[in-house]
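As structure tokens, the structure follows; a few thoughts come after it.
The values are calculated or read from the model by the stated rules, or taken from the named source; none is laboratory data. The shown structure was predicted, so the numbers you read here are calculated from the model rather than taken from an experiment. Cβ sites come from the backbone with ideal geometry, for glycine too, and all protein chains shown count toward neighbours. Just the protein is used for accessible areas: all its heavy atoms, side chains included, with ligands, DNA and RNA removed. Shrake-Rupley method; radii C 1.70, N 1.55, O 1.52, S 1.80 Å.
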Amino acid sequence: MLAGALADLIYKWVQNRGINSATFVFYQATTFTVVIWIIAVIFGQPARIIPTTWVFGLPLGLLGYIGIVLFVTSLKEGSASVYAPLFRLSFIITAVIAFVVLDEPVTLAKVLGILLAVAAVLSLADLKGFAAMGRSRLRSMLYLLAATLAFGIAGALNKEAINQGSPTVPLVIVQTITFTSASFIHMLATRRVRPNGTTLRFAPLVGLLQLTWAALLFQSLQTGDASISFPIVQLSFVLTAILAVAFLREAVTRNLVIGLSAASLAVIAFALA
């Protein structure tokens, strides 16, 4: 949760300093991939890869890349205190898929959590002002929604892969194959292969934060329902919003306060389910 909050804040900070999203995510992914593969090889994890790991891991890497790069791109026009909570509310999609497809139990607390999360989305997205958005802001919101959908689907697939016996670390390292490949191809397509100073300084740091986030999240899924574990992790948006207001001088609005409150209550409801 803490690692995710810091990563989201850095994404917005580096966007303010003119990074290219595709280039930044590639160097972040390279750091993530090199470190996780070194650790995996030392501990013999590649030998634990099973067919299920390949079946789920490869598409998960692609979904993960789509989600991250669209989220980072959306922050060019959007504020971290609003966009990070919306992105992390992807657990709504994960939870619904877990109910319908993975046959996880539906409880009153979970239903209440979903309703609160929907209320948070409506407040944070400020739908009343949706029609008045400029073209660039509207485009950034669409990027964000697509990123949220990709991460929500990935969350459910992660849990199902683990349910079918895929070990945690092998699942992560297989994902790096498609994640890093997609990021390399996208970077080449943008013709921005050379990183700027901000990318060189902060992309490796974010890669390590994401590695911490992924490893601990997958470990939690070994013993917990996806519809509970993911919401708790997504509580990182509260810390991101506080830090964005404090350090990036983002505005505190009534919709932000209501949205964060509803989203936090949604997380609590799932945690108590």
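Could you please tell me which pairs satisfy a Cβ distance under 6 Å, a separation of 6+ or placement on different chains, a first residue in segment 162-173 that is over 13 Å from ALA47 (Cα atoms) and open to solvent by less than 20 Å² (accessible area, probe 1.4 Å), and a second residue that is part of a helix (DSSP H, G or I) and of a type in the set (Gly, Ala, Ser)?
VAL172/ALA214
What residue, of ALA241, ALA203, ALA154, ALA189, is under 17 Å from ILE66 (Cβ atoms), among the small types (Gly, Ala, Ser), in contact (Cβ under 8 Å) with a residue 60 or more places away in the chain and buried (at least 22 other Cβ atoms within 10 Å of the Cβ)?
Sole residue among the options that is under 17 Å from ILE66 (Cβ atoms), among the small types (Gly, Ala, Ser), in contact (Cβ under 8 Å) with a residue 60 or more places away in the chain and buried (at least 22 other Cβ atoms within 10 Å of the Cβ): ALA154.
Look through segment 218-228, keep the residues that are touching a Ser or Thr at 6+ places or on another chain (Cβ under 8 Å) and in contact (Cβ under 8 Å) with a residue 40 or more places away in the chain, and return whichever of them is farthest from GLN28 (Cα to Cα).
Among those that are touching a Ser or Thr at 6+ places or on another chain (Cβ under 8 Å) and in contact (Cβ under 8 Å) with a residue 40 or more places away in the chain, it is SER227.
Can you go through SER181, SER123 and tell me which one is surrounded by 14 or more Cβ atoms within 10 Å (Cβ to Cβ), polar (S, T, N, Q), touching a helix residue (DSSP H, G or I) at 6+ places or on another chain (Cβ under 7 Å) and part of a helix (DSSP H, G or I)?
SER123
How many residues does segment 43-73 hold that are open to solvent by 40 Å² or more (accessible area, probe 1.4 Å) and part of a loop (DSSP other than H, G, I, E, B)?
2
Within segment 174-186, which residues are of a type in the set (Val, Ile, Thr) and touching a residue at least 12 places away in the same chain (Cβ under 8 Å)?
VAL174, THR176, ILE177, THR178, THR180
With respect to LEU102, is the statement that it is buried (at least 21 other Cβ atoms within 10 Å of the Cβ) and in contact with a Ser or Thr (Cβ under 9 Å, 6 or more places away or on another chain) true?
When the stated conditions are applied, LEU102 does not pass them.
Looking only at residues that are more than 13 Å from ARG88 (Cβ to Cβ) and of a type in the set (A, V, I, L, M, F, W, C) in segment 247-261, which one is least open to solvent (accessible area, probe 1.4 Å)?
Ranking the qualifying residues of segment 247-261, first place goes to LEU256.
Which residue, of LEU171, LEU208, LEU149, LEU200, is more than 30 Å from ARG17 (Cα to Cα) and of a type in the set (A, V, I, L, M, F, W, C)?
Testing whether each residue is more than 30 Å from ARG17 (Cα to Cα) and of a type in the set (A, V, I, L, M, F, W, C) leaves just LEU171.
Are there any pairs with C-beta distances below 6 angstrom linking a residue in segment 59-75 that is closer than 21 Å to ARG137 by Cβ to a residue that is of a type in the set (Lys, Arg) and at pLDDT below 95, with the two at least 6 apart or on different chains, and if so which?
LEU75/LYS12
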